[in-house]
Structures are given as structure tokens and as C-alpha cells.
Number of protein chains: 2
Amino acid sequence: MSQLFTIKNSDKNTSARAGILHTDHGDISTPCFIPVGTYGAVKTQSSEEIAQLPSSVLLSNTYHLYLRPGTEVIKKAGGLHSFMNWQGAILTDSGGFQIFSLEGYRKVTDDGVTFRSHLDGSEHHFTPEKIVDIQRIIGSDFMMMLDVCPPGDADHETWIDALNTTTKWAKRGMKHFIETEPIYGHRQTLIPVIQGGTDKKLRKQSSEELCELEADAYAIGGLAVGEPKDEMLKTVEWMDEFLPKDKPRYLMGVGTPADLVESVSRGVDMFDCVMPTRNARNGQLFTFDGKINIRNAKFKTDFSPIDKNGFSPMSEIYTKAYLHQLFKTEEILGYRIATQHNLRFYIYLMNSMQKEIQNGNFKTWAKDFLAGYSNS
Amino acid sequence: MSQLFTIKNSDKNTSARAGILHTDHGDISTPCFIPVGTYGAVKTQSSEEIAQLPSSVLLSNTYHLYLRPGTEVIKKAGGLHSFMNWQGAILTDSGGFQIFSLEGYRKVTDDGVTFRSHLDGSEHHFTPEKIVDIQRIIGSDFMMMLDVCPPGDADHETWIDALNTTTKWAKRGMKHFIETEPIYGHRQTLIPVIQGGTDKKLRKQSSEELCELEADAYAIGGLAVGEPKDEMLKTVEWMDEFLPKDKPRYLMGVGTPADLVESVSRGVDMFDCVMPTRNARNGQLFTFDGKINIRNAKFKTDFSPIDKNGFSPMSEIYTKAYLHQLFKTEEILGYRIATQHNLRFYIYLMNSMQKEIQNGNFKTWAKDFLAGYSNS
């Protein structure tokens, strides 16, 4: 089987790297941001629009797809790619994070996790093996292992428990993954999730245990769950030390534009976050001068384009005043324009980083960006 | 000034006609359906997508635009075309219908109508002259006169009052229209609204009084407000008799696909209706076999395209099962796909009628369509 990840350029001044993820659904240039399509659709956007961002990968969620439409429908559709008419790659989150963050009943044992559906209260049981099976049916190019993700305010004891269970589950998950085959013929990669809170020793232990599995990629979990920003970045820095250099690193659920730049400089290759899409629906737009909220009264008569930088066609042809009106009247078109703008901003940011790493200018560029960009 | 309306073909067997409305924002082939964009946006769709339906005209609403964003913003934007980045023609409803159908305080005098905003309860006063002024600022190609539109269950006395006030207001509106000039340089046409309920004598009287104004187009108001379908069609038939043959007739707020075919055969040239857009957001799709509701459980595993007829790209590439999932998970993409489908169905239907009238085959085609199409 061909190699999953090729590093093209490693920055001399930071841990940043530019590379390519090779999938049977096309190549993905890294560092990359993965748009989130929880239920098999990136909110407000069509598959074609995601391809045109451009993005060659999107994220969906195992837990949510398992509940709706269910594995039977996905299997009959021939997998999620076919179901949602998406030609690019798909990464599916296991749903562990959802099970541990949604309100309601859940019980973790060594075997797995029992929980109630947030939709109808029905009881379900996930094991590391079952999560692999479901993602085989979904047909995701990148499958995530079932992990235990403690909340941001969890204590040390909880981190240790989460780490230990995550390791046990990862071993079982990897075994089951090796013993099973893709259903639709294309390659699938199973990614273990490093836990350990913001404790260096625990992060080291989790990395060592999971690296024994010789997975093709590693995810950094349990961050961006409420911990202080500097602790998050410090932890990402440790991960750079503990994880193999030649394998892609995926920082789950991160983050702001500044977080992305800071984490790329600490050696992260893949990101996903609901921020660009969720904030868009609240009227918040990311720009190179920082965030603006289009609902603000000052935009009522601002007839300048939403953005002149040319990375979003809709933001070039529509004015801030018009977008303000669309939000005031709760028109869906407003959510579409804002979502496309934010996603294109994120993709443009990743493309800029790829280019600057290739040019050997990443450190200066990152410093300038972080100085100019208001992260508030 | 060049002629507004050219009739290209008059059907020999019915009152149907195919023609062209000439506006400074392009030609519009008739009979035409006008997509509704109440607040300056057709719900879920971009201006570009409306142009690609294809439609060269859309409708917006004077009352709603007056309240939000207000005439000051529209004027600063250089009119509604510029504000919403729409190159085609615009027809604006006066808002009379909204004032008379929305719940809340309103008082009609000879001078005009006083009402409270449905948004904040603030009091406003519309006169026939003011409605012309607002539409001058909006810059609509087709401006509607302020009329009194009684509800479907109104009595004869109410119809007479509505008719008399509508005539008085139309005279004042036309006088003011003639005394004022377009603000943005393009031609505007003011359209009076015939009232008179479903009473032949009143419809005749209203037509005679308003035809004295020698307007360039006439609207048929006060229908599709709850009266029986056969009375509506009978009234449309009378209107064909009472209105000048050489001027375009616009049947306001109508209707179902069958209503459109029936009314075209009775000499109507222009239609608008929220049905394709509103029903789409409830999951109801118009097809050539009748209506379907995509929320229905039977579509959960129906992997056939939403529509194979090729008139809607999104309906060709996405399956019914996927659209079902989007509606079940309340994804905005679902509303977009359904809206585009329904609007394209309506436009395709109008284009079919234009072609059949030109071919001299309209009557047979209409009979076949109505026999095959379930209007339930």
C-alpha cells in the first residue's frame, strides 16, 4: 500500500511542515482545515461548494450518522461518499466527544460506553470494535478510534482513567481494524486519539502506548475543551516531541485562526472546528483584520463588499449592508454567504501557511499575521 | 418610450398568449412566473441562482422593505437592484395585501391606511402617493398601486367598499406617478389592481374605472384569498373579457401548477406565489406526477434522483434518500435543494406553456397536463 503522508517541506525555524495526505479520494495538501458536516452536510453548503472552497476533505460524525439515518441506509447508499455525492475524502469523528459532552445518561465500562440517544432516549452501546464496524459502513477515509474525552475542568484522576481506557480501547480497535476489510474497496486509515489532559507525563505515556500500535496518523484529543489557551499550546508543543515526525498529526476541534497558526508552527497538520460554520450563522465573520459581527448597526449602510480579498465570490459581489439586512430578516441566504465567507477564509489561511512553509518564510509570516490579527 | 408588451402568439383555441415584457432590465417571456423575494432575497437562493433558474424577474415587497431596511438604506444603495445585486427586472407588491392580512391594528380612510408595524408596533401611514414614492426609491420596474384587498370570506358590502377605495386611490396614485420621475433612470410601470371579489358586475365596474387610467398593465387582485377554486377561475375568465387584450395581465398570488395552466388558458400573462418556495421549506416537492413530501418515511431508502427531468441540477445529483436525511436533520441545504427544485419546476412549466402556445398545441397539452397532474 502506498504511503499515506509525504512531507514536502519542513520549516527550519519552527516545527511547521507542508505535506500531502494521499487518499483514494484524492490528495490533501497540509496543513489542512477540514470543514465539519456532522450529519452528512456542511451546514448551508452543497458538496459542490465544499469542493470549490477548495477543500478535498470534509468531516462527518459517526455517532450522529449512526442515529440518523442509521447504518442500514448508509450501507444501502453505498457509503457516505455516494450518499452525499462527495468525491473528496471523508474523516469521521467517532462520536466519543459527542457522547461525553451531550447531556444525558452514559456509563463507561472496560467493554465500551452505554448511552442514551439525545433524539429519543433509546439506549445504545458502543465498543471500540463497533465504532470500527460503523465507520467501515460509512466508508470514511479517516476513521477515528473510540476514546474517552474528559471535560476541560476534569481532575488529574479523570485524565488518568480516560487515558487508560482510551489505550485499552485503541488496542482492541486496531486489532479489529486489522482483522476487517474496507467494504467499498478504498483505503481506510484508523487514527488513535492521544489523551492526558494538559499533563506532560500523561501525554507522554498516552503517546508511547498508542505509538506502539504503529498507526498511520495520530490525533491529539482532549484539548480545546475549556483549558487555558497557553496550556493548550504548551500541550501541543509536547505532542510535537512525543509523536513521530513522519506521521500526520490531527488536532481535534481547534480552533481560532490564531490557534491554527500557533499549532501549525508546533507541528500540527490537520484541524477541524465548527467555529467558521457555527459563528457564521451567528453573524460573525472572520477577516484579516479580525472578527466582525455583521448584525452590528454600523453595517446597515456600509455598501463596501463583505470582503475584497477575492477568496469568496459571494463576499465580493454582496455588500455588508445587504448581508446585514439578510441577518436582520433571518434570510437563509445570509447564513450561506457568511458560512462560505468563513470557510473560504479558513481554507485561504491554510493555503497561505502551506505556501509560506514552502517558501521558508513561515516564521516571519506567522509573526506578522498574529500581530495584525485580533483574536479577541 | 418603447412598448412594454408584445404579444407574439395568441392561441386559437383558448385565451392563452405568448409574449414579451420589455423592461430596462431585460426582456421577460410570458406567460411568466415571478419568484417571491419578500425582503430582497428569494428564500434560500442567491440572485445568481434566480437568474439561472432561469428567471429574468423577481418580486419584492414595498411594505416589508419600507420597514426593513427602510427607504433611506435602499436609496443610499442606489435602489433594490443594486442592493441585492440583481440584474433582472423587479416587481414590488405595494404591501396592501400584507397590511390587510397581517394581524393587528389598521384603519382605512379616504386618505390612506394607518397601520402598526408587525415588528415593533410603531404606527405608519401609507397613501397612494407615498406608495409610489417608496417604489420610486426601490426602483422597481413594475410598481403596484395601493389597493384594498378584502379577505376571502368578505361580504358584498366589503367588496364594494374595497372597490371604490381602490379606484379612488388608483386615480391619485396614477396622477402622482405621472408627476414624478424615476430616480435611477430606468423605466418604471405602475400597475392598478382590479378588485370586486367574485362578483361579475363589480369586476366589470372595477375594470372600467381602472382602464380609464390607461395603465400599461393590469393586475387581478382579491383572488386566491380563500374563495372556491371554480369561482376564482370564473372570475379570471370575466377578467379576460373586461381587460384590454393588448396589455399584460398579472394574477396576484396564484397559485398551484394546475391554477397556472387554467389561468394561462384564460389569458393571464404574469403570476407570483409563495407556494414553490414556502412548500419547499416544508418538504413538499412539485413533480410532473403531482406533489410529494420528502419527509415521508418511504423516501428514507429511495436512492433515485430527486428528479431526472434535468431542469434542476441539484435534483439530478442528490437522491430522495439524501434529501429526506437533510430534512430530518433540519439541514439548510435541504431547504435549498427543495426550493431550487420547486422554482425550477414552476419556471419549466411556464417555459413549456410558452412553447406550446407558440406551437399552437396549448389546448391539447394543457388537457393532458391537467389530466396527469394530481392537484390535491
**Asked** Scanning for something more than 10 Å from chain A (Cβ to nearest Cβ), within 27 Å of B:Leu260 (Cα to Cα), in contact with a helix residue (DSSP H, G or I) (Cβ under 6 Å, 6 or more places away or on another chain) and assigned to a loop (DSSP other than H, G, I, E, B), does segment B:280-289 turn up at least one residue?
**Response** yes
**Fill in**
Checked against (1) in contact with a strand residue (DSSP E or B) (Cβ under 8 Å, 6 or more places away or on another chain); (2) surrounded by fewer than 24 Cβ atoms within 10 Å (Cβ to Cβ), B:Pro248 satisfies every condition except (2)
**Request:** Report the residue count in segment A:196-210 for those that are touching a strand residue (DSSP E or B) at 6+ places or on another chain (Cβ under 9 Å) and surrounded by 23 or more Cβ atoms within 10 Å (Cβ to Cβ).
**Result:** 3
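Picking from B:Lys291, B:Lys200, which residue would you name as being over 17 Å from the mean Cα position of the chain (by Cα) and under 19 Å from B:Asp155 (Cα atoms)?
Numbers: B:Lys291 fails: under 19 Å from B:Asp155 (Cα atoms).
Answer to the check: B:Lys200.
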**Request:** Would you mind stating whether A:Phe115 is farther than 28 Å from A:Lys229 by Cα, among the aromatic types (Phe, Trp, Tyr) and more than 14 Å from chain B (Cβ to nearest Cβ)?
**Result:** yes
**Request:** Might you let me know whether segment A:353-371 holds any residue that is touching a residue at least 12 places away in the same chain (Cβ under 8 Å) and within 14 Å of chain B (Cβ to nearest Cβ)?
**Result:** no
**Asked** Could you say whether any residue in segment B:322-340 is farther than 17 Å from B:Asn279 by Cα, out of contact with any Cys (no Cβ under 9 Å at 6 or more places or on another chain), assigned to a helix (DSSP H, G or I) and at pLDDT 95 or above?
**Response** yes
**Item:** Of residues in segment A:6-39 being touching a helix residue (DSSP H, G or I) at 6+ places or on another chain (Cβ under 6 Å) and small (Gly, Ala, Ser), the one nearest to B:Glu49 (Cα to Cα)
**Value:** A:Ser29
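Only one of these is in contact with a His (Cβ under 7 Å, 6 or more places away or on another chain), acidic (Asp, Glu) and open to solvent by 10 Å² or more (accessible area, probe 1.4 Å): A:Asp272, A:Asp289, A:Asp302, A:Asp307. Name it.
Testing whether each residue is in contact with a His (Cβ under 7 Å, 6 or more places away or on another chain), acidic (Asp, Glu) and open to solvent by 10 Å² or more (accessible area, probe 1.4 Å) leaves just A:Asp307.
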**Message:** So, B:Pro276, is that one more than 26 Å from B:Glu157 (Cβ to Cβ), part of a loop (DSSP other than H, G, I, E, B), of a type outside the set (Phe, Trp, Tyr) and at pLDDT 95 or above or not?
**Reply:** no
**Complete:** Exception for B:Met144 within (1) of a type in the set (A, V, I, L, M); (2) touching an Asp or Glu at 6+ places or on another chain (Cβ under 6 Å); (3) farther than 15 Å from B:His176 by Cβ falls at (3)
**Prompt:** Looking only at segment B:130-162, which residues are closer than 17 Å to B:Lys75 by Cα, part of a loop (DSSP other than H, G, I, E, B) and in contact with a strand residue (DSSP E or B) (Cβ under 7 Å, 6 or more places away or on another chain)?
**Reply:** B:Ser140, B:Asp141
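For segment B:168-195, how many residues are open to solvent by 10 Å² or more (accessible area, probe 1.4 Å) and within 18 Å of B:Leu223 (Cβ to Cβ)? Reasoning before the result, please.
Initial filter on segment B:168-195 (open to solvent by 10 Å² or more (accessible area, probe 1.4 Å)): B:168, B:171-172, B:174-188.
From what is left, the residues that are within 18 Å of B:Leu223 (Cβ to Cβ) are none.
Residues in segment B:168-195 being open to solvent by 10 Å² or more (accessible area, probe 1.4 Å) and within 18 Å of B:Leu223 (Cβ to Cβ): 0 in total.
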**Complete:** Here the residues within segment A:328-352 that are within 13 Å of another protein chain (Cβ to nearest Cβ), hydrophobic (A, V, I, L, M, F, W, C) and crowded, with 22+ Cβ neighbours inside 10 Å are A:Leu333, A:Ile337, A:Ala338
**Request:** Assess whether A:Ile34 counts as being within 19 Å of B:Ser315 (Cα to Cα) and modelled with pLDDT of 95 or more.
**Result:** no
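For segment A:1-115, please list each of the strands (runs of 3 or more DSSP E) lying entirely inside it that holds at least 2 residues being closer than 30 Å to A:Glu241 by Cα, in contact (Cβ under 8 Å) with a residue 24 or more places away in the chain and open to solvent by less than 10 Å² (accessible area, probe 1.4 Å).
Numbers: elements: A:5-10, A:17-23, A:26-30, A:32-34, A:57-61, A:89-93, A:106-108.
In segment A:1-115, A:17-23, A:26-30, A:32-34, A:57-61, A:89-93 are the strands (runs of 3 or more DSSP E) which contain 2 or more residues that are closer than 30 Å to A:Glu241 by Cα, in contact (Cβ under 8 Å) with a residue 24 or more places away in the chain and open to solvent by less than 10 Å² (accessible area, probe 1.4 Å).
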**Prompt:** Name the residues in segment A:216-232 that are open to solvent by 10 Å² or more (accessible area, probe 1.4 Å) and outside any loop (DSSP other than H, G, I, E, B), would you?
**Reply:** A:Lys229, A:Asp230, A:Glu231
**Item:** Residues that are at the interface with chain B (Cβ under 9 Å from one of its Cβ atoms) and open to solvent by less than 10 Å² (accessible area, probe 1.4 Å), drawn from segment A:310-323
**Value:** A:Tyr318, A:Ala321, A:Tyr322
**Prompt:** Is there a residue in segment B:95-104 that is aromatic (Phe, Trp, Tyr), closer than 28 Å to B:Phe33 by Cβ and within 14 Å of chain A (Cβ to nearest Cβ)?
**Reply:** no
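Going by the conditions given, is B:Ser263 touching a residue at least 24 places away in the same chain (Cβ under 8 Å), farther than 22 Å from A:Ser46 by Cα and either open to solvent by less than 20 Å² (accessible area, probe 1.4 Å) or in a strand (DSSP E or B) (or both)?
Details: touching a residue at least 24 places away in the same chain (Cβ under 8 Å): yes; farther than 22 Å from A:Ser46 by Cα: yes; either open to solvent by less than 20 Å² (accessible area, probe 1.4 Å) or in a strand (DSSP E or B) (or both): yes.
Against the criterion (touching a residue at least 24 places away in the same chain (Cβ under 8 Å), farther than 22 Å from A:Ser46 by Cα and either open to solvent by less than 20 Å² (accessible area, probe 1.4 Å) or in a strand (DSSP E or B) (or both)), B:Ser263 qualifies.
The values are calculated or read from the model by the stated rules, or taken from the named source; none is laboratory data. Here the structure is a predicted model, which is why all the values come from computation and not from measurement. Counting neighbours? That spans all protein chains shown, and the Cβs are built from the backbone with ideal geometry, glycine included. Accessible surface is based on the protein model in full, side chains and every heavy atom, while ligands, DNA and RNA are left aside. Shrake-Rupley method; radii C 1.70, N 1.55, O 1.52, S 1.80 Å.
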